[in-house]
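Next up is a structure, given as structure tokens.
The values are calculated or read from the model by the stated rules, or taken from the named source; none is laboratory data. In this text the structure is predicted, and so the values were computed from the model without any measurement. Virtual Cβ from ideal backbone geometry, glycine too; neighbours counted across all protein chains shown.
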Amino acid sequence: MAYIGREPQVGNFQVCDAISVVNGQAAYTMQVSSVNVSPETANHMLVSLNGVLQAPGSSYTVSGSTITFASNLVTGDVINFIHILGSVLDLGVPSDSTVSLAKLTATGTKDSTTFLRGDNTFAVVSSDFVKLASGSFSSNSLSFDGYFSSTYSHYKIILTDLIPSANNHGIEMRYRISDSDVATSDYNNVGQHGAINLGTGASDGTSHAEGDSKFILQQGYAVSNASGLCLNAELTIFNPLSTSLYKHYHYKSSCHYSSATGYWVTSSGGGYYDANTTALSGFTILNSAGNITSGNVYLYGVKA
């Protein structure tokens with residue numbers, strides 16, 4: 001049941017500051033550490049005057065932070081103490097920074113890298129799959145450098161809603177070394193695609209390219225810029241910092257192809273870059289011709 005009026009203090013036991021008696025005065029202000037305090041009622045107090053506990057209500061009354069004795073005090077009277085009890089039936093809300101780990105029975109290490117689980121154990125926040133960067137297209141290409149590190153073994157790239165500036169263009173990827181695109185003929189691709197046209201049926205096929213100058217992210221068919229159509233894809237780059245292994249990648253993508261055939265296409269595949277002695281610094285997503293008018297790229301680090 002909610003309280004009507006001011007909610008009572010609970011479990012906040014306080015001893016008021018010493019009060020000097022003023023001859024002929026009955027009312028006094030109660031303070032703790034020089035700050036006014038207001039007991040809930042006269043019954044929530046222990047008051048000693050001249051060594052005798054006073055009866056609440058008859059010997060004194062309380063209004064806000066003012067205690068008023070039934071009779072004026074005179075020189076020589078001593079207010080020994082005023083002890084404010086709060087509510088003795090409830091522990092109330094602990095003060096800030098007063099609950100220790102021992103009270104929680106929590107185990108583990110409490111620091112900026114951990115969190116308290118429901119079983120009262122501190123655990124490290126999982127960082128096996130972490131978003132590192134993102135970007136949006138406004139020109140022919142979008143490059144990412146400086147995100148490959150020893151912290152992660154592999155990297156996941158998500159492409160969403162890519163639309164080329166002209167119809168039937170290809171979306172491609174190049175690796176970067178020393179923050180520059182590598183356009184040499186060291187890329188090797190293979191992919192399987194499936195296409196469907198509601199009027200003529202479905203078709204499947206395999207495409208491959210050896211000694212190419214880029215990776216192709218949509219095998220068999222180009223990408224449409226017709227209204228409502230776009231390319232979406234998911235890519236993985238494996239071990240980009242290796243200096244002894246080929247730099248593999250894998251992709252899955254889907255797009256619409258809008259021309260006389262009007263196919264909807266999905267494909268998957270992969271490949272490798274066979275210059276294996278140099279670590280990669282990044283990658284570039286680009287259009288085979290013209291600009292990419294819109295679309296997004298999201299880069300994630302993956303721990304093995």
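State whether one or more residues within the stretch 55-71 are assigned by TED's automatic domain parsing to the domain that holds Val21, buried (at least 19 other Cβ atoms within 10 Å of the Cβ), among the hydroxyl-bearing types (Ser, Thr, Tyr) and over 16 Å from Asp17 (Cβ atoms).
yes
Under 6 Å between Cβ atoms, at least 6 apart or on separate chains: pull out the pairs that start in the stretch 217-240 with a residue that is within 18 Å of Asn291 (Cα to Cα) and end on any residue that is among the acidic types (Asp, Glu) and outside any loop (DSSP other than H, G, I, E, B).
Within 6 Å, the pairs are Cys230/Asp161.
Take the residues in the stretch 287-304 that are surrounded by 21 or more Cβ atoms within 10 Å (Cβ to Cβ) and more than 25 Å from the chain's Cα centre (by Cα), then tell me which one is nearest to Arg174 (Cα to Cα).
Asn287
Ok, one more. Tell me which residues, restricted to the stretch 20-50, are within 16 Å of Gly76 (Cα to Cα), in contact with a Ser or Thr (Cβ under 8 Å, 6 or more places away or on another chain) and not in a strand (DSSP E or B).
Val21, Asn23, listed by residue number.
So, one more: Just for the stretch 142-195: of the residues that are under 25 Å from the mean Cα position of the chain (by Cα), part of a strand (DSSP E or B) and aromatic (Phe, Trp, Tyr), which one is surrounded by the fewest Cβ atoms within 10 Å (Cβ to Cβ)?
Among those residues, the one meeting the criterion is Phe144.
Please go through the stretch 105-144 and give me each residue that is without any contact (Cβ under 8 Å) to a residue 40 or more places away in the chain and among the charged types (D, E, K, R), ordered by number.
Passing the criteria: Lys110, Asp111, Arg117, Asp119.
Let me ask something else about it. Among (1) more than 16 Å from Thr29 (Cβ to Cβ); (2) at pLDDT 80 or above, there is one condition Asp90 misses while meeting the rest; what is its number?
All conditions pass for Asp90, except number (2).
Among the residues in the stretch 214-223, are any surrounded by 16 or more Cβ atoms within 10 Å (Cβ to Cβ), of a type in the set (Ser, Thr, Tyr) and over 20 Å from His154 (Cβ atoms)?
Yes, because at least one residue in the stretch 214-223 is surrounded by 16 or more Cβ atoms within 10 Å (Cβ to Cβ), of a type in the set (Ser, Thr, Tyr) and over 20 Å from His154 (Cβ atoms).
Can Ala233 be described as surrounded by 20 or more Cβ atoms within 10 Å (Cβ to Cβ), among the hydrophobic types (A, V, I, L, M, F, W, C) and assigned by TED's automatic domain parsing to the domain that holds Gly290?
yes
A further question follows. Can you pull out the residues in the stretch 215-236 that are among the polar types (S, T, N, Q) and either closer than 15 Å to Gly271 by Cα or in contact with a helix residue (DSSP H, G or I) (Cβ under 6 Å, 6 or more places away or on another chain) (or both)?
If the condition is that a residue be among the polar types (S, T, N, Q) and either closer than 15 Å to Gly271 by Cα or in contact with a helix residue (DSSP H, G or I) (Cβ under 6 Å, 6 or more places away or on another chain) (or both), then Gln218, Gln219, Thr236 are the ones that fit.
Okay, moving on. In the stretch 51-140, which strands (runs of 3 or more DSSP E) lie fully inside it and hold 1 or more residues that are under 30 Å from Ser34 (Cβ atoms) and of a type outside the set (Gly, Ala, Ser)?
Once the strands (runs of 3 or more DSSP E) in the stretch 51-140 are filtered for at least 1 residues that are under 30 Å from Ser34 (Cβ atoms) and of a type outside the set (Gly, Ala, Ser), what remains is 60-63, 66-73, 79-84.
Quick one: how many residues across the stretch 43-61 are in contact (Cβ under 8 Å) with a residue 24 or more places away in the chain and closer than 22 Å to Gly24 by Cα?
Residues that pass the stated criteria total 5.
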